[in-house]
Amino acid sequence: MKAISLGWGVQSFTLAAMSALGDLESVDVAIHADTTHESKITYEFAARWTPWLEERGVRVVTVANPTVRITTDRAGGKIWIPAFTDTPSAAGGMLRRQCTHRWKVQPLRRWLQANRNGQQVEQWLGISLDEFQRMKDSDVKYITNRWPLIELRMTRWECVRYLETHGLEVPPKSACVFCPYHNRAAWREMKADGGADWQKAVDVDEAIRKVRPPYDLYLHPSRIPLVDVDLRSEADRGQLSLWDAECDGVCGV
Ligand code: SF4
């Protein structure tokens, strides 16, 4: 059984499009593990391009973990996202990321287990040549990972070019609206848009603050409330960026 892990970002959409257009073999399914916290434009993109894929033989399935809350309700609450602690040296300055596993890996594997009829799964991951360090073998026996973009030596830029050459839309970056890995530009764009995504990020930032005593938690590495962060560009401020670490895209799998 062949399955694309479809995150609706540039690379995984390129894989699905290449399969749809016959530039890669056909697959049995493209599975979108939905965190339910993606940006509005990602959901709009998925709604626009799901029918296009399906008309060309790529079945798209969306799965989600029934528990996609950001924290548990238990005392000493757990929090799944890699939030910043207010003491940079404590806990490495960031909590351990558990959201990818809970919100993406688990529901995707649950679906595969229920539908693979005992077959081995060849899972296609949208990792491009410029991200080769993210390649990792599967840690379960029934899944073998494959990276067709690496086989084709395609970088992210070449994925964009493939989509454009074929008259397809280039998807926006896919990530949870409150992802602590956002870089300054992503936060700035969201704030400038001022819509529900920004409000949700601000609300989550406030909601997580006291969830993990003794630390206070923040979405932004400056460890000040998101709503108060100076998100002006370096050019605006005549400075170099100190923390333009981006989501490593593991969630694009
Ligand atoms: S995008 Fe960020 S918050 Fe969302 S699942 Fe991935 S690492 Fe976690």
With every protein chain in place, the accessible area of Glu44 for a 1.4 Å probe, in Å² rounded to the nearest 10, comes to 80
Heavy-atom accessible area with a 1.4 angstrom probe orders Glu25, Glu158, Glu189, most exposed first, as Glu189, Glu25, Glu158
Straight-line reach check, Lys210, cutoff 25 Å on alpha carbons, 8 or more apart in-chain or any other chain, hits among lysines -> Lys78, Lys191, Lys200
For Val63, the residues 5 or more places away or on another chain with a placed amide H closer than 5 Å to its own amide H are His32, Ala33, Asp34
Over the Cα atoms of the chain the radius of gyration and the largest Cα-Cα distance (Dmax), both in Å, equal 18.9, 59
For Lys2, the lysines lying under 25 Å Cα to Cα, once residues fewer than eight places off in the same chain are dropped, come out as Lys104, Lys136, Lys141, Lys173
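Per residue, how large is the accessible surface of the chain? Use a 1.4 angstrom probe and give square angstrom.
Working: 12250 Å² over 253 residues.
Accessible area per residue, the chain: 48 Å².
Computing the accessible area with a 1.4 Å probe over protein heavy atoms, can you report the carbon and sulfur percentage for the chain?
51
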Measure of exposure for Asp23: accessible area at 1.4 Å probe, Å² rounded to 10, is 80
Using alpha-carbon coordinates alone, the radius of gyration and Dmax of region 96-135 in Å work out to 12.8, 35
The relative contact order of the chain, taking Cα pairs under 8 Å that sit 6 or more residues apart, comes to a percentage of 25
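In Å, what Kirkwood hydrodynamic radius results for region 89-232 from the alpha-carbon pair distances?
18.4
The values are calculated or read from the model by the stated rules, or taken from the named source; none is laboratory data. Source: prediction; values computed, not measured. Note: accessible area is taken over every heavy atom of the protein model, side chains too, but ligands, DNA and RNA are not part of it. Shrake-Rupley method; radii C 1.70, N 1.55, O 1.52, S 1.80 Å.
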